[in-house]
Amino acid sequence: APLKIGLVAFGWSGGNFDGERAYRKLTEARAFLSCRGQVVGPDAVIASASEGRDAAQLLEREGIDVLIVLQAAFCGAEPLPVLVERLDVPIALWAIREPFNGGRVVANSLCGVQLMASTLAHLGRRYRYFYGDPEEPAIAAAVDAFLSAARVARRLRRLRIGLAGQRAPGFFPLAVDELLLRRQIGPEVVHIDLTEVFMGQEPSEDEVKAVQEEFLSLVDNAGQVPAEKLYKVSRSLAVFRRLMRRYDLDCVAVKCWPEFTDGYGVAACSTLSRLGGQGLVAGCEGDINGTVTSFILQELAGGDPTFLADLIQVDPDGNTGILWHCGVAPIELAAPGSAVQFGSEFSGVGMNLEFPLKPGRITVARLGMLHGRYRLLVITGEALPTELLAKGTMALVRFDPPVQQLVDTIVNGGWEHHVSMVYGDVADALVELARQLDIECVRL
């Protein structure tokens, strides 16, 4: 469903300020926002408490997702408390430019936003502000980040994430307090016993055969691996696709070892890779928060696949680092012209995937939890062309911040050892999302 954007314009129509211009600015703002969601709100500029109360009732009935208060002209803050008191949504204040031509001040919008911001601060309400006109690229970028974050926050409140098994052995920081996650971030955790994967309802032979054909078309050496192993990998993927539908899941975190390698006989990597390549975010080692991070990045990147990885090496001289994992990256992220192979050495059973990732601008993030509070780590960089430097799936990244600062931040800050990566720069939207979720954001 499209985002519902509440738009309310403040301004006095008399006195020193230009009421006709204020109305024009409201019309321009509505047109600007209409291509970004469904805009609802009063048709007129308002200034009184009674008008603010009427506007609040309208926006509450409409069920808005965000509120944007346009300071079309200066006015007192009387309409603001009654407007926001019943609206538990992200709030943005918007100041427009003053046209200086030697005449009188016609809007005094920036001063008005200062009054409104101070009022909200005293009310204990979070907010952000924009300053500029709709045609300015910086305003479009800021508004888009605000709205993108609101869309993801709305999705997170409805997110159902499966946990197949538990966290991997000894990975204590990956454990999740489900109610804390639900209260601070939004997702619901749905438990799936691994016996449902290994001994549950069997997929049909046609389902498994279709998955085998899928792997044969995507993995260069799929025709050379043992038939039994290809069958097990294909069956596993068919089962997870069924489980995702059965439990109405948006994503899934899987305890991929030791049960898969020691009991089932193949690594889970390629199964999770294919889920992620089809928009069904899948995380390994039972990492719920890492999987939620990947879901956030995928949403902000317009559905593009993500890579949940370890940072395994940095080179201060080149300011680069290697993001790697056993073989879980979606095949869609493979570097053009590179071989995509099933590995044979992982835990002695193989069937992980092996390829280098493509070059391009990237964002790296981690939704973490420490001492009962969630927080978000945000890093940007550039994935570079590379050969496969370590068996598995990997990206060679030149980071924007100094890599020593990056390592110091992760290690000294006690961050979890997984990060998620997506192509594109969505850092501003991540920072905005942290603000809307009221969690700490560390941006490098």
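The values are calculated or read from the model by the stated rules, or taken from the named source; none is laboratory data. Predicted model only: the values in this text are computed from it and were never measured. Here Cβ is always computed from backbone atoms with ideal geometry, including for glycine, and neighbour counts include all displayed protein chains. Surface areas here come from the heavy atoms of the whole protein model, side chains and all, with no ligands, DNA or RNA. Shrake-Rupley method; radii C 1.70, N 1.55, O 1.52, S 1.80 Å.
Applying the Kirkwood pairwise sum to the alpha-carbon positions of region 333-444 produces a hydrodynamic radius of 15.5 angstrom.
With protein chains left intact and a 1.4 Å probe, residues in region 194-269 average 45 Å² of accessible area per residue. Taken over region 171-262, the ratio of Cα radius of gyration to 2.2 N^0.38 Å equals 1.30. I'd like the distance separating the alpha-carbon centroids of region 321-377 and region 166-212, in whole Å. Cα centres, region 321-377 to region 166-212: 19 Å.
Dipole magnitude for region 90-138: about 280 debye, using +1 per Lys or Arg Cβ and -1 per Asp or Glu Cβ, origin at the Cα centre.
Computed on protein heavy atoms with a 1.4 Å probe, the accessible areas place His418, His122, His191 in the order His122, His191, His418, largest first. Excluding ligands, DNA and RNA, the accessible surface per residue across region 24-114 is 43 Å² with a 1.4 Å probe.
For region 1-52, the relative contact order works out to 54 percent when only alpha carbon pairs closer than 8 Å and six or more residues apart are counted. Counting only alpha carbon atoms, the long axis of helix 109-123 and the longest principal axis of the chain meet at about 70°. Around the Cα centre of the chain, unit charges on the Cβ atoms of Lys, Arg, Asp and Glu (plus for the first two, minus for the last two) sum to a dipole of about 900 debye. For region 338-416, which whole percent of the accessible surface, found with a 1.4 angstrom probe, sits on carbon and sulfur atoms? The nonpolar share, carbon plus sulfur, comes to 54 percent.
P(r) tail for region 292-377, what percent of Cα pairs lie past 17 Å? Cα-Cα pairs in region 292-377 separated by more than 17 Å: 60 percent.
Taking θ as phi - 60° and the Karplus parameters 6.51, -1.76 and 1.60, the scalar couplings of region 45-58 work out to 6, 10, 8, 10, 5, 5, 5, x, 5, 4, 5, 4, 5, 4 Hz in sequence order, x denoting glycine and proline.
The equivalent ellipsoid that matches the C-alpha gyration tensor of region 41-92 spans semi-axes of 16, 12, 10 angstrom, in descending order.
Grouping the Cα pair distances of region 131-173 into 5 Å bins from zero gives a pair-distance distribution of 5, 18, 12, 12, 11, 12, 10, 8, 6, 6, 2 percent in increasing distance order. Note: relative contact order over the chain, using C-alpha pairs below 8 Å and six or more positions apart, is 12 percent.
For the chain, the Kirkwood radius over C-alpha pairs fed into Stokes-Einstein at 37 °C and 0.692 mPa s yields D = 138 µm² per second. The alpha carbon radius of gyration of region 47-188, expressed as a multiple of 2.2 N^0.38 Å, is 1.38. In a fully extended conformation the segment linking Ile312 and Asp144 would gain 57.1 nm over its present Cα-Cα distance, using 0.36 nm per residue. The chymotrypsin sites (Phe, Trp or Tyr not before Pro) of region 123-171 include none that DSSP puts in a loop with a beta carbon having at most 12 other beta carbons within 10 Å.
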